[in-house]
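Undergrad: The structure under discussion is supplied below as structure tokens; questions concerning it will follow.
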Amino acid sequence: MGPGLTESVKVLVRFNEADPLGIVWHGHYVRYFEDGREAFGEKYGLRYLDIYEYGYTVPVVNVVCNYRKPLRYGDSVRIETTYINTAAAKVRFEYKLFNAATGELVADGSSLQVFLDIATSTLQLTMPPFFEKWKQTQGLLSPSNKEKK
């Protein structure tokens, strides 16, 4: 496998993400994961619109979030998103959320997405050709095309 691919983006905690006590509602942490995936896609050429143009969607089928410390309205969160390479026809990310001011880890987690054909909604059991090419471009396929699952 090639080197890991990571992108980091900073997001300001918005007023509508906090409860009356000013603490960010737990469901918004998963939204921050989405912000991280969007930034990753922009940097590495794997945007949702790119995938869609190749005839696929990539719905999230699993998400895990471990809450460590609260974020509050007015904080900035630094989202670190790392692509986890697998041999399967899936997209796996791991996340670390940090309070941008203090550097403290506030949450971490992961997500798993699968490829569906847009026209038929059929689950893709083999890697779509565009995704294999993307992985080659990023140095994520070994010469023997064998990877760890």
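The values are calculated or read from the model by the stated rules, or taken from the named source; none is laboratory data. Everything numeric in this text was worked out from a predicted model, so none of it was measured. Cβ placement follows ideal geometry from the backbone for every residue including glycine, while neighbour counts extend to all protein chains displayed.
Undergrad: Being of a type outside the set (Gly, Ala, Ser), within 29 Å of GLY22 (Cα to Cα) and surrounded by 15 or more Cβ atoms within 10 Å (Cβ to Cβ) is the requirement here; does TYR56 meet it?
TA: For TYR56, the condition - of a type outside the set (Gly, Ala, Ser), within 29 Å of GLY22 (Cα to Cα) and surrounded by 15 or more Cβ atoms within 10 Å (Cβ to Cβ) - is not met.
Undergrad: Just the residues that are over 15 Å from VAL11 (Cα atoms), in contact (Cβ under 8 Å) with a residue 40 or more places away in the chain, in contact with a Gly (Cβ under 8 Å, 6 or more places away or on another chain) and not aromatic (Phe, Trp, Tyr), please, taken from segment 73-127.
TA: THR82, ILE84, ASN85, ASP117, ILE118, ALA119
Undergrad: Only one of these conditions is not met by VAL64: (1) over 12 Å from the mean Cα position of the chain (by Cα); (2) in a strand (DSSP E or B); (3) surrounded by fewer than 15 Cβ atoms within 10 Å (Cβ to Cβ); (4) not basic (Lys, Arg). Which number is it?
TA: VAL64 satisfies every listed condition except (1).
Undergrad: Scan segment 85-124 residue by residue and report those that are small (Gly, Ala, Ser), touching a Lys or Arg at 6+ places or on another chain (Cβ under 7 Å) and outside any strand (DSSP E or B).
TA: ALA87, ALA88, ALA100
Undergrad: Which residue out of LEU105, LEU141, LEU71, LEU123 is under 22 Å from LEU5 (Cα atoms), modelled with pLDDT of 95 or more and either surrounded by 15 or more Cβ atoms within 10 Å (Cβ to Cβ) or not polar (S, T, N, Q) (or both)?
TA: Details: LEU141 fails: modelled with pLDDT of 95 or more; LEU71 fails: under 22 Å from LEU5 (Cα atoms); LEU123 fails: under 22 Å from LEU5 (Cα atoms).
Within the list LEU105, LEU141, LEU71, LEU123, the selection yields LEU105.
Undergrad: Checking the condition under 25 Å from VAL91 (Cβ atoms), surrounded by 13 or more Cβ atoms within 10 Å (Cβ to Cβ) and not acidic (Asp, Glu), which residue from GLY4, GLY36, GLY22 passes?
TA: Of the residues listed, the single one that is under 25 Å from VAL91 (Cβ atoms), surrounded by 13 or more Cβ atoms within 10 Å (Cβ to Cβ) and not acidic (Asp, Glu) is GLY36.
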